[in-house]
1. Just to be sure I understand: with springs between alpha-carbon atoms less than 10 Å apart, which residue in A26, A54, A45 has the highest mean-square fluctuation in the Gaussian network model of the chain?
2. Would you work out which of I126, H108, A136 lies farthest towards the positive end of the dipole of region 79-157, given +1 charges on the beta-carbon of Lys and Arg and -1 on that of Asp and Glu, about the Cα centre?
3. Amide H of S10 versus every other amide H placed in the peptide plane: which residues, excluding those fewer than 5 positions away on the same chain, fall under 5 Å?
4. Limiting things to C-alpha atoms, what are the Rg and the maximum Cα-Cα separation (Dmax) for region 79-157, in angstroms?
5. How large is the helix-only mean residue ellipticity at 222 nm for the chain, computed as the sum of -39500 (n - 2.57) over DSSP H runs with n ≥ 4, divided by its residue count, in deg cm²/dmol to the nearest 500?
6. Using only Cα atoms, find the angle between the long axis of helix 79-88 and the longest principal axis of the chain, and express it within 0 to 90 degrees, rounded to the nearest 10.
7. Per the Debye formula with a single identical scatterer at each Cα and no solvent contribution, what log10 I(q)/I(0) holds for region 3-63 at q = 0.29 Å⁻¹?
8. Charges at C-beta only: +1 for Lys and Arg, -1 for Asp and Glu. How large is the resulting dipole of the chain about its Cα centre, in Debye rounded to 20?
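Where a number appears in this text, it was derived from the coordinates with a stated rule and is not lab data. As the structure is a computational prediction, the values presented were derived from the model and not from experiment. Here the Cβ positions follow ideal geometry from the backbone for every residue, glycine too, while neighbour counts run over all protein chains shown.
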Amino acid sequence: MTYTCITMVSPVGELTLVANDARLAAILWENDKPGRVRLGPMSEAPDNPVLVRAAEQLREYFAGTRQRFDLELDFAGTDFQKKVWAALLTIPFGETRSYSQIAEQIGHPSAVRAVGAANGRNPISIIAPCHRVIGASGKLTGFAGGLEAKELLLTLEGGDWSEVGRTGDLFSS
């Protein structure tokens, strides 16, 4: 399978947008861990309509004029991972969920760690908003783009996350 890609500059660093045919397959971070998202060969395609549209919508999101994305997505993963990623898409703009809430939502209440692992492998960050998933204590936890990027995204969505990680008391689990 061949993938096409473009890169864009954003407030959270350079992002590589990846498409598979007519669907968005990944958003990779500038310092992404190799193998976090497994893809085949990629070629630059600056005119790919899916990638152009994804970049436009991300720019609108970062400008504060878009709260929902309207893109065809192509999640490649296990059935369990796909359930977790589908649950991410249900988290409203400006809200957060804990890993345990996601585990309950997908019908696997004891699979909190597995939810965390699937969240960490989310190939379409930002659009499938894994940044909206936090620890049960309310603290920010791991994020492929880094905790600073996670905090910036949550702040962009209207929350006051300045104390997260220090007090952990801004959220209920």
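1. In this elastic network of the chain, the residue with the biggest mean-square fluctuation among A26, A54, A45 is A45.
2. H108
3. L15
4. In Å, with Rg to one decimal and Dmax whole: 11.2, 32.
5. -8500 deg cm²/dmol
6. Long axis of 79-88 versus the principal axis of the chain: about 70 degrees.
7. Those come out to -1.34, one per q.
8. 520
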